[in-house]
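For reference, the structure I am asking about is given below.
The values are calculated or read from the model by the stated rules, or taken from the named source; none is laboratory data. This is a predicted model, so every value here is computed, not measured. Counting neighbours? That spans all protein chains shown, and the Cβs are built from the backbone with ideal geometry, glycine included.
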Amino acid sequence: MSAHIFSRALALRADSLALARGGRTLAGDLSFRLTAGEALVVTGPNGAGKSTLLRVLAGLLEPAAGTARLEGAGEDDEIAPRAHYIAHAEAQKSALTVTENLEFWAQTLGAAGGMAPREALAQFALAHAADLPVGYLSAGQRRRAGLARLLVAPRPVWLLDEPATALDAASQRRLAEAMAAHLTSGGLIVAATHVPLGLEGARELQLGAAS
């Protein structure tokens, strides 16, 4: 896995966050602080606000109240420019090859210190599909190709929404290895999940049932 090293001064901080969707409050008064090398696993039933929390951290939604920021990043404390957000959809063009999709993300996000696309795909046992159009892949293969983006464009914060979706047991182990390597390098992870991710020592934030 990648040996990219991130600043140990970074910390992701949320203060009194309130989450809402469609005018309905999902969760309130959420506060936490993650330092380099730490992971937070967000659990709870459907509709509790797990995905909404990740979208707020990624800068795609405004919180109903409170703030979220990245400490130790200089004058700009925004999380989004230093984060990967992996949602249910992998954000890949079906007509492009797997490699072409990864090259696009490397150019868009910046690839300094990242793996070459084929090397990243090998980490997820997908090197054999490097030249295939994404539209030819199975759901599990598409997920692995999407996760390879984490390795070609290093960013300290990983925001992962159900990252194990469609992955078989072997691929789940590879994901766990990638996450462990990221934490060892000083990265931070916030992951929403319904299933165990193999993140040893991770903190847990449990969101309640939607009313």
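Looking only at segment 12-48, filter to residues that are modelled with pLDDT of 90 or more and among the β-branched types (Val, Ile, Thr); which one of those is farthest from GLY187 (Cα to Cα)?
Of everything passing the filter in segment 12-48, THR43 is farthest from GLY187 (Cα to Cα).
Tell me whether segment 201-211 contains one or more residues that are over 20 Å from TYR85 (Cβ atoms), surrounded by 15 or more Cβ atoms within 10 Å (Cβ to Cβ) and out of contact with any helix residue (DSSP H, G or I) (no Cβ under 6 Å at 6 or more places or on another chain). Even if it seems obvious, please write down each step before you answer.
Residues of segment 201-211 that are over 20 Å from TYR85 (Cβ atoms), as a first pass: 201, 204, 206, 208-211.
Checking which are surrounded by 15 or more Cβ atoms within 10 Å (Cβ to Cβ) leaves us with 210.
Filter again for out of contact with any helix residue (DSSP H, G or I) (no Cβ under 6 Å at 6 or more places or on another chain), leaving 210.
Yes, the conditions are met somewhere in segment 201-211.
While we're looking at this one, here's another question. Any residue at all in segment 147-163 that is in contact (Cβ under 8 Å) with a residue 24 or more places away in the chain, of a type outside the set (D, E, K, R), surrounded by fewer than 24 Cβ atoms within 10 Å (Cβ to Cβ) and more than 16 Å from GLY110 (Cβ to Cβ)?
Looking for residues that are in contact (Cβ under 8 Å) with a residue 24 or more places away in the chain, of a type outside the set (D, E, K, R), surrounded by fewer than 24 Cβ atoms within 10 Å (Cβ to Cβ) and more than 16 Å from GLY110 (Cβ to Cβ), one finds none in segment 147-163, hence no.
What is the residue count in segment 129-173 for residues that are within 23 Å of LEU96 (Cβ to Cβ) and more than 14 Å from the chain's Cα centre (by Cα)?
Count: 17.
Run ALA64 past the list (1) among the aliphatic types (A, V, I, L, M); (2) over 30 Å from TYR136 (Cα atoms); (3) within 19 Å of the chain's Cα centre (by Cα) and report the number of the one that doesn't hold.
(3)
Let me ask something else about it. Counting just the residues of segment 77-89 that are buried (at least 18 other Cβ atoms within 10 Å of the Cβ) and assigned to a loop (DSSP other than H, G, I, E, B), which one comes out modelled with the lowest pLDDT?
Result: ALA87.
Pull up segment 103-126, narrow it to residues that are within 11 Å of PRO154 (Cβ to Cβ) and in contact (Cβ under 8 Å) with a residue 60 or more places away in the chain, then point me to the one that is surrounded by the fewest Cβ atoms within 10 Å (Cβ to Cβ).
GLY113
Here's a check for you: in segment 130-146, which residue that is closer than 16 Å to GLU119 by Cα and of a type outside the set (Gly, Ala, Ser) is surrounded by the most Cβ atoms within 10 Å (Cβ to Cβ)? If you could, list the steps in order and put the result at the bottom.
Here is the first cut: in segment 130-146, the residues closer than 16 Å to GLU119 by Cα are 130-132, 141, 144-146.
Next cut, of a type outside the set (Gly, Ala, Ser) only: 131-132, 141, 144.
On the way: ASP131: 11, LEU132: 15, GLN141: 21, ARG144: 26.
Applying the filter and picking the extreme gives ARG144.
Among what's in segment 49-76 and is surrounded by fewer than 19 Cβ atoms within 10 Å (Cβ to Cβ) and within 16 Å of PRO156 (Cα to Cα), pick the residue that is modelled with the lowest pLDDT.
The qualifying residue modelled with the lowest pLDDT is GLY74.
Applying the selection to segment 184-196, what residues are buried (at least 21 other Cβ atoms within 10 Å of the Cβ) and not in a strand (DSSP E or B)? Give the steps one after another, and end with the answer.
Within segment 184-196, the subset buried (at least 21 other Cβ atoms within 10 Å of the Cβ) is 187-192.
Result: GLY187, single match.
Starting from segment 33-62, take each residue that is part of a loop (DSSP other than H, G, I, E, B) and list its partners that are among the charged types (D, E, K, R), counting only C-beta distances under 7 angstrom and pairs at least six apart or across chains.
Within 7 Å, the pairs are ALA36/ARG8; GLU38/ARG203; GLY44/LYS50; GLY59/GLU78; LEU61/ARG55.
How many residues are surrounded by fewer than 19 Cβ atoms within 10 Å (Cβ to Cβ) and not β-branched (Val, Ile, Thr) if we restrict to segment 164-173?
Within segment 164-173, residues that are surrounded by fewer than 19 Cβ atoms within 10 Å (Cβ to Cβ) and not β-branched (Val, Ile, Thr) number 6.
Still on this structure, I have one more. Looking at GLU204, GLU200 in this structure, which one is in a strand (DSSP E or B) and of a type in the set (Asp, Glu)?
Checking each option against the conditions leaves just GLU204.
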